[in-house]
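Heads up, the thing below is written out as structure tokens.
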Amino acid sequence: MPNRKEKKARHIFTEKTGLEQEITALKQNLDEQAAKLKECRKEIEDAIVARIQYQEELKNLREENRSLKRRLAVYEPEILADEQEKAEVTAPAEPESSAAADEAGLSAEEREFFETFRIYVVGGTDKWQKKAAEVFPMLHFLGNEKNFDPQALAQADYVVINTNAVSHACTEKAKNAAPKSAAIIMTSNNNLKLLRQKLLATLG
């Protein structure tokens with residue numbers, strides 16, 4: 001029959017064995033977590049590379065768009081007038097949004113040009129935003145309050161901020177929410193023709 005000393009030695013040995021098993025399990029778990037972390041880092045690196053490639057492709061598309069715009073501008077006015085006359089004969093009536101855009105001086109080419117970009121608008125009065133949405137239906141309007149969803153600007157190419165009737169907090173939130181690749185266009189008036197000129201000057 002084992003004495004007290006032998007029982008204590010067996011107890012210590014059992015505890016030691018249990019601790020060693022726990023250490024082994026912890027090391028195994030740590031190795032698994034390290035492997036997952038390595039995989040996540042690789043996914044992040046791949047995503048960064050893909051984003052850089054996407055931005056480069058987007059840049060090339062913008063350059064191509066500008067080049068096509070310049071080439072189109074050299075066409076003879078008579079040819080353009082003839083094409084426009086044919087389009088008016090065959091094309092269905094334009095919706096109210098297009099008519100409003102025409103009133104502000106937007107050509108069909110300019111509307112199509114704006115549609116190639118993701119342009120978001122923050123700020124200005126509610127009345128101005130409503131009128132601007134009629135003239136520029138291809139733009140995305142987020143309101144003039146600072147509680148707009150910042151995730152909405154995550155994919156923006158351009159962010160227009162009308163500082164008229166908008167808080168400083170809303171302006172700063174829009175600037176911070178926009179991706180670094182996005183251009184910020186500031187305006188402080190409600191003249192939609194001036195906004196059109198500013199957009200063309202920035203995008204063109």
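The values are calculated or read from the model by the stated rules, or taken from the named source; none is laboratory data. As the structure is a computational prediction, the values presented were derived from the model and not from experiment. Virtual Cβ from ideal backbone geometry, glycine too; neighbours counted across all protein chains shown. Side chains included, ligands, DNA and RNA excluded: accessible areas come from the protein's heavy atoms. Shrake-Rupley method; radii C 1.70, N 1.55, O 1.52, S 1.80 Å.
What the table below lists for this structure:
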read-out: Hits in segment 132-161 - residues which are closer than 23 Å to Glu112 by Cβ, open to solvent by less than 50 Å² (accessible area, probe 1.4 Å) and of a type outside the set (A, V, I, L, M); value: Phe136, Asp157, Tyr158
read-out: Odd one out for Thr116, checked against (1) modelled with pLDDT under 80; (2) surrounded by 13 or more Cβ atoms within 10 Å (Cβ to Cβ); (3) closer than 17 Å to Leu200 by Cα; value: (1)
read-out: Given (1) open to solvent by 30 Å² or more (accessible area, probe 1.4 Å); (2) polar (S, T, N, Q); (3) at pLDDT 85 or above, index of the condition Asn189 fails; value: (3)
read-out: Count of segment 177-191 residues which are under 13 Å from Ile119 (Cβ atoms) and in a strand (DSSP E or B); value: 4
read-out: Any chance Phe148 is more than 17 Å from the chain's Cα centre (by Cα) and among the aromatic types (Phe, Trp, Tyr); value: no
read-out: The lone exception for Ala108 - which of (1) open to solvent by less than 60 Å² (accessible area, probe 1.4 Å); (2) hydrophobic (A, V, I, L, M, F, W, C); (3) modelled with pLDDT under 90 it fails; value: (1)
read-out: Check on Leu200, under 21 Å from the mean Cα position of the chain (by Cα) and buried (at least 20 other Cβ atoms within 10 Å of the Cβ); value: no
read-out: Residue check, Gln53 at pLDDT 80 or above, in a helix (DSSP H, G or I) and open to solvent by 90 Å² or more (accessible area, probe 1.4 Å); value: no
read-out: Test: residue in segment 27-48 that is touching a residue at least 12 places away in the same chain (Cβ under 8 Å), part of a helix (DSSP H, G or I), under 30 Å from Ser181 (Cα atoms) and open to solvent by less than 90 Å² (accessible area, probe 1.4 Å); value: no
